[in-house]
1. Please compute the length gained on full extension between residue 248 and residue 179, using 0.36 nm multiplied by the number of residues separating them and subtracting their Cα-Cα distance.
2. What list do you get for 147, 156, 227 if you sort them by fewest beta carbons within 10 Å?
3. What is the sum of charges around residue 239, taking Lys and Arg as +1, Asp and Glu as -1, for the other residues whose C-beta is under 12 Å from the C-beta of residue 239?
4. Cα axis of helix 2-19 to longest principal axis of the chain: angle in degrees, 0 to 90, nearest 10?
5. Using mean Cβ contacts within 10 Å as the protection proxy, how do 105-115, 4-14 order, highest first?
6. Can you give the angle from 0 to 90° between the axis of helix 232-257 and the longest principal axis of the chain, with both taken from C-alpha atoms, to the nearest 10?
7. Counting only residues 5 or more places away or on other chains, whose amide H sits under 5 Å from the amide H of residue 223 once H atoms are built in the peptide plane?
8. In degrees between 0 and 90, to the nearest 10, how far off the longest principal axis of the chain does helix 103-131 point, with axes built from Cα atoms?
Amino acid sequence: MTRIAEFCEQVVAVAAAELAKLRHDPLELFSRAVQPVLWLLLFGEVMAQVRGIAEPGTNYLDFLAPGILAQSMLFVAIFYGIAAIWERDLGILQRYLVSPAPRVAIVIGKALASTVRSLSQAVVVYAVAAIMGSALSYNPWHLAGVLALIAIGSALFSTFSLAIACIVKTRERFMGIGQILTMPIFFASNAIYPIALMPHWLQLVSHFNPLTYEVDALRALMLRDSLPVIGFATDFAVLIAITVALVAATARMISRMGA
């Protein structure tokens, strides 16, 4: 139990150090909140006029809200590697690596900090969707499930981002790769349109896209009287399996980044 407690303390310490950066740039959360608001207000209102784009019996704004929450989480997490490269250039990452904290604790701590940032996006999406009249579910169990999905999704994509940072080394190269990855991940998912509307080859790609499983579960939990298309068991199993694999791989790779 003592080792577990120490491990948890190390994870929290890394996460707290990451979140302390927000005190130096408190406007970051506000600036990131603008994007989901614009997607819901502008894109959502326009596309709501297009018949057949949402699933049968579903209002498009209802359909869109979980997808935009997943998108916001993705965009916050996927560029987390830039901060890690910046920390390496300043020598901060090297201090983490020479500390007694296991590499896994460093990776999980950074993923936890990403989760906290994503939760602020969730508050914005819920507030705007509620104002626009979306049929949101406020069942405590559903809200707990949404929190769990945000934590898993943020951990998955922030850890994926750290793994990329371990490989590319420079901020400029990371920015290019990050921009190349985010749009395909977003558009090759069910975030803004059902999988059934995609061409066959894109449907196949979407089944290998973790964001598809994130959105499927979020949509079932965020909306009243909604059920997952893929299934909760599959959604959570895929997301957790990918996250665990990425955490293990990134924990081994991060030492090279500090060299």
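Computed from the coordinates by the stated procedures, all read-outs in this text should not be read as laboratory data. Quick caveat, the model's predicted, so the values are computed rather than measured. Cβ sites come from the backbone with ideal geometry, for glycine too, and all protein chains shown count toward neighbours.
1. Numbers: separation 69, 0.36 × 69 = 24.84 nm, distance 2.47 nm.
Here the answer is 22.4 nm.
2. Numbers: 147 14, 156 29, 227 10.
Going from least to most buried by this count: 227, 147, 156.
3. Values: positive: none; negative: 214, 216, 235.
Summing Lys and Arg as +1 and Asp and Glu as -1 gives -3.
4. 70 degrees
5. Values: 105-115: 24.7, 4-14: 15.0.
Put in order of decreasing packing, that is 105-115, 4-14.
6. Once rounded, the angle reads 30 degrees.
7. 137
8. Rounded to the nearest ten degrees, it is 30.
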